[in-house]
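To start, the structure under review is shown below, and the notes come after it.
Throughout, read-outs are computed from the coordinates displayed, never taken from laboratory work. This one's a predicted model, so the numbers in the text were calculated from it and none came from an experiment. Using ideal geometry, Cβ is built from the backbone for each residue, glycine included, and neighbour counts are taken over all protein chains shown.
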Amino acid sequence: MKRISTCALMAAALLALPAALAAQTVNDAQIAAIVVTANQVDIDAGKLAETNASDAKVKAFGKQMVTDHTGVNKQATDLVTKLGVTPQDNPTAQSLKSGGADNVKHLSELKGKEFDRAYVNHEVDYHQQVLDALDKTLIPNAQNSDLKGLLVKVRPAFVAHLEHAKMLQTSLGK
Amino acid sequence: MFRIGVVLLGGLVMVAMGAAYFVRQVGLSADRTPGRVETVIARNLVRLSIPAEQAAAVNPLKNDTDAWRRGHTLFDSHCAVCHGTDARGATPIGKHTYPPVPDLTASAIQRFSDGALYSIVRHGVSWTGMPAFQHTLSEQETWATVAFIRKAGSLTAADLTPTDTAADVSHAVRVVIDGTRFHPDDLTVSVGEPVVWLNADPFPHNIESSTGRFHSGDLAPDATWQWRPARPGTYEYVCTLHPGMKATLRVK
């Protein structure tokens, strides 16, 4: 029962997220906070998968998420520092953060194949949402050309991650 | 006497049943990884199977400092499909055979004598994917290949740059990996012309040909990797980390 309610809560959070992202008009400082939070959320989940996943491919995927998103975050942080922008907290970043925390909490209660499936399913949804956010909110609203350039540059990696996660989803069976 | 016969027969039956049980339980698929004990036993069996005088043979090219370069070309043509151009064995074929293709630069393999490696290349190893090359490579070529296997673990970019054509590298053809794409994604070069891949993304990528002809291993941000095609052909390659990253290298 507890699990069902957690799942329902997460599903609600996932549904609410794109709406929150799409509705926002955001400035560069807010975009910076969203980008850094979005990456951090996936790094946290990836770290958990590195240790808790049972399938070797899921483990490797988790490890790669940590590496790739850490790389993106480093570049984003470097750019933000160079531009002298202070990331500004905002509802979208907050909802990403709490959604990520809920996910990690939910995942840490799971083991074995159950963990693998839940993690991978969430990765598919998460990357889809981040792509939607990039396309509908972040890229169109970015004012600074370097920031916009970085978002455009990393977008295909999110597509590749989504494809990769979908492949894993198929191989694990729903 | 009769009793010994019964015991022997019983023993044989048990061995047969054991083997049948193993096959039923584990199957004969190649899609698994041998355990450490199995690996150690198998390696020692291979070592013991090589006659002592062959194992003691000295590489006649040991004073030829360029032998490994010839060996490298041969390795590229005959061995790299399974062993990879870097001899580390992490190719699409190498990873999924049973037993998996070993990392030739690892100490477990480097511990074999020159003569033993020569013997393995000449005669192959049964129950593995390793074929006998005595009908493909001459004795001299085999020794050159052994010289390369010795060198493979310590190869540097400079080693891969022939001294007489060092100038080539400055105008080597460049493929930039940027935005999780290869630019250009369709490139034509001539045989022997070095191709340099540069990772301009903030996270690792790799370059792996679909047939295992070349593979770079993971390339850190800002790192480069060079490959010099030895034979003409059309090579499809991907980044195994990011599905959808595909490109073609045509060698004339």
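Expressed as a fraction of 2.2 N^0.38 Å, the rule-of-thumb size for a compact globular protein of N residues, what is the C-alpha radius of gyration of the protein assembly as shown?
Working: Rg = 26.9 Å, N = 426, 2.2 N^0.38 = 22.0 Å.
Cα Rg divided by the expected 2.2 N^0.38 Å: 1.22.
If you place +1 on the Cβ of every Lys and Arg and -1 on the Cβ of every Asp and Glu, how big does the dipole about the Cα centre of the protein assembly as shown come out, in debye to the nearest 20?
On the way: 42 positive and 41 negative charges, 249 e Å.
It comes to approximately 1200 debye.
For chain B, what percent of Cα pairs sit more than 25 Å apart? Write out the running numbers ahead of the final one.
Values: 16593 of 31626 pairs.
Every Cα pair in chain B considered, those over 25 Å come to 52 percent.
Counting only Cα, what are the radius of gyration and maximum Cα-Cα distance Dmax of the range B:13-54, in Å?
14.0, 40
Where Lys and Arg each count +1 and Asp and Glu each count -1, what net charge lies around residue A:32 among other residues with Cβ under 13 Å from its Cβ?
Working: positive: A:82, A:148; negative: A:28, A:78, A:89, A:146.
Neighbour charge sum, excluding residue A:32 itself: -2.
Please report, for the Cα atoms of the range B:1-93, the Rg to one decimal and the Dmax as a whole number; what are they, in angstrom?
When restricted to Cα atoms, the range B:1-93 yields Rg and Dmax of 21.4, 65 Å.
Going Cα to Cα from residue A:136, which lysines come in below 28 Å? Please leave out same-chain ones fewer than 8 positions away.
Within the straight-line limit of under 28 Å, residue A:136 reaches these lysines: A:74, A:82, A:97, A:148, A:153, A:166, B:246.
Distances longer than 15 Å among the Cα atoms of the range A:94-174: what percent of all pairs is that?
The proportion of pairs with Cα distances above 15 Å equals 63 percent.
Give, as a single signed number, the net charge of other residues whose beta carbon lies under 11 Å from the beta carbon of residue B:248, with Lys and Arg counted +1 and Asp and Glu -1.
Values: positive: B:246, B:250; negative: B:185, B:186, B:236.
Here the count lands on -1.
If the viscosity is 1.306 mPa s and the temperature 10 °C, what translational diffusion coefficient in µm²/s does Stokes-Einstein give for the range B:38-154 when Rh comes from Kirkwood over Cα pairs?
The calculation lands on 112 µm²/s.
For the range B:86-144, max minus min Cα coordinate along each principal axis, in Å, sorted largest first?
Dimensions of the range B:86-144 along the principal axes of its Cα atoms: 30, 24, 20 Å.
Using just the C-alpha positions of the range A:2-172 as equal point scatterers, what log10 of I(q)/I(0) does the Debye formula give at each q in 0.17 1/Å?
Result of the Debye calculation: -1.01.
Summarise the partner chain shielding of B:241-249 as one whole number: the mean count of Cβ atoms from other chains within 10 Å of each residue's Cβ. The partial results should precede the final answer.
On the way: counts 9, 9, 9, 6, 3, 0, 0, 0, 0.
The mean count of partner-chain Cβ atoms within 10 Å per residue comes to 4.
Out of every Cα-Cα pair in the range A:130-174, what percent are more than 16 Å apart? Provide the component values of the computation, followed by the final result.
Working: 449 of 990 pairs.
Above the 16 Å cut-off, the range A:130-174 has 45 percent of its Cα pairs.
Based only on the alpha carbon positions, what is the Kirkwood hydrodynamic radius of the range B:163-251, in angstrom?
Values: mean 1/r = 0.0767 Å⁻¹.
Taking every pair of different Cα atoms in the range B:163-251, averaging 1/r and inverting gives 13.0 Å.
Could you put A:102, A:44 in order, starting from the residue whose Cβ has the fewest other Cβ atoms within 10 Å? List each step's numbers first, then the result.
On the way: A:102 16, A:44 19.
Ascending number of Cβ neighbours within 10 Å: A:102, A:44.
Report the net charge of residues surrounding residue A:139, where surrounding means a beta-carbon distance below 15 angstrom and charges are Lys +1, Arg +1, Asp -1, Glu -1. Provide the component values of the computation, followed by the final result.
Values: positive: A:136, A:148, A:153, A:155; negative: A:28, A:132, A:135, A:146.
Here the count lands on 0.
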